[in-house]
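Input: a single structure, listed below in structure tokens.
The values are calculated or read from the model by the stated rules, or taken from the named source; none is laboratory data. Everything numeric in this text was worked out from a predicted model, so none of it was measured. Heads up, the Cβs are rebuilt from the backbone with ideal geometry, glycines too, and the neighbour counts pull from every protein chain shown. SASA here: full protein model, heavy atoms, side chains in, ligands and nucleic acids out. Shrake-Rupley method; radii C 1.70, N 1.55, O 1.52, S 1.80 Å.
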Amino acid sequence: MSYAYDRQAQRTELLNELSRLPDNQRSKLIEEYRQRSEAAFAPTTLRHYRMILRHFGEWCGKRGLEAEPPISPSTVAAWVDDMGGRLAATTIETRLWGIAELHRSHFLPTPTTHRLVELALKSVKRKYGSATKQAPPLGKKEVLDAIARLGNSRIEKRDKALLWIATDSWCRASEICNFRVKDLQRQDDGSSLLYVTRSKTDQNGQGAYAYLSAKGTEAVIDWIDEAGMKADQPILTKSQKGGNKTPIDPATLSRIIRRCTGRTDVSAHSTRVGGVQDAFRLGCDLSSIMVAGRWTSPEMPARYARRLLASQSAAAKVSDAFNETPISPH
């Protein structure tokens with residue numbers, strides 16, 4: 001008689017076997033896991049993981065609870081309850097990933113899949129909703145207006161290059177900050193391609209390309225010449241002469257965009273959202289939008305444009321058509 005393969009049961013059995021190992025052998029496994037994690041995870045992921053553990057440790061410390069694995073499902077469920085209404089549901093799920101990873105690193109079953117935790121998360125979503133906060137859009141016209149206001153000082157040349165890359169490429173903040181001079185590949189028509197070596201959805205570095213217009217290329221090259229950048233150096237750095245040629249970080253990128261546009265609500269992600277909305281207004285099809293933003297699923301670009309699409313929906317078109325028709329008096 002054959003039995004269906006039960007992956008969860010096999011994983012539980014393996015964890016039970018590991019839990020019976022002598023302490024010195026378990027310690028070696030835990031240390032090896034830590035070293036392999038350092039090599040496998042992106043630096044940003046590791047920083048975020050440590051931040052989650054720090055927040056959880058502080059929360060437990062204030063309540064006299066145990067923050068070291070194995071952590072009880074009741075403790076994790078209470079943490080979820082406390083985060084509800086203060087943090088977005090997606091953020092809570094990310095923090096639960098951190099607790100799960102902590103237990104995996106100690107070869108212990110995770111409490112995050114316990115029914116108590118699942119119910120706590122479901123309760124939070126039901127009470128507070130699960131919608132994600134979207135960055136306010138920053139469209140092409142607004143960015144071009146900001147560029148037009150800039151002069152030709154050293155810092156303004158850097159800011160022009162930054163704004164052109166952000167509005168033309170639709171790249172994420174981390175991708176923009178990581179571009180190096182050698183990633184700029186000129187084309188015959190004066191435009192360029194920016195080689196995206198690694199991204200949020202491409203952790204293994206298969207690579208992709210983003211677009212940079214002819215005017216954008218001109219501005220970027222002007223800045224590269226001004227700063228005396230070499231091929232391996234980052235395109236966007238601090239603007240001071242003689243400073244270290246280190247890349248700016250995403251937080252600085254957002255601050256520059258806010259300063260140049262005069263808007264306090266935008267971030268480095270706003271040009272990505274604004275680009276999608278501009279494309280839908282111009283009638284671009286979804287597949288070309290996905291290629292431009294390097295999405296593998298239509299979900300995210302559709303989410304960026306959902307308010308815009310509602311005003312362009314069949315319901316809106318029907319309303320417009322009938323509003324143009326005079327209503328006959330009875």
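How do the peptides 290-299, 93-102 rank, highest first, by the average count of neighbouring beta carbon atoms within 10 Å per residue? Each step should come with its number before you reach the end.
Numbers: 290-299: 14.5, 93-102: 18.9.
My ranking of the peptides, most packed first, is 93-102, 290-299.
Using the heavy atoms of the protein chains and a 1.4 angstrom probe, tell me the accessible area per residue for region 120-245 in square angstrom.
54 Å²
How long are the semi-axes of the ellipsoid equivalent to region 251-307, from square roots of 5 times the Cα gyration tensor eigenvalues, in whole Å, largest first?
Details: eigenvalues 115, 27, 17 Å².
For region 251-307, the ellipsoid semi-axes come out as 24, 12, 9 Å.
How big, on average over all directions, is the shadow cast by the Cα convex hull of region 188-283, in nm²?
8.4 nm²
Stick to the Cα atoms of region 77-119, pair each with every other, and give me the Kirkwood hydrodynamic radius in Å at one decimal.
Roughly 10.7 Å, rounded to one decimal.
Keeping the other protein chains in place, figure out the carbon and sulfur percent of the accessible area of region 251-308, with a 1.4 Å probe.
After summing per-atom areas, the C and S share lands at 56 percent.
Of the heavy-atom accessible surface of region 64-204 (probe 1.4 angstrom), what whole percent is carbon and sulfur?
51 percent
Once the Cα gyration tensor of region 78-223 is found, what semi-axes does its equivalent ellipsoid get, as square roots of 5 times the eigenvalues, in whole Å, sorted largest first?
Each semi-axis is √(5λ); the values are 43, 20, 12 Å.
Divide the volume of the convex hull of the Cα atoms of region 44-150 by its number of residues and quote the answer in cubic angstrom per residue.
With only Cα atoms used, region 44-150 gives 140 Å³ per residue.
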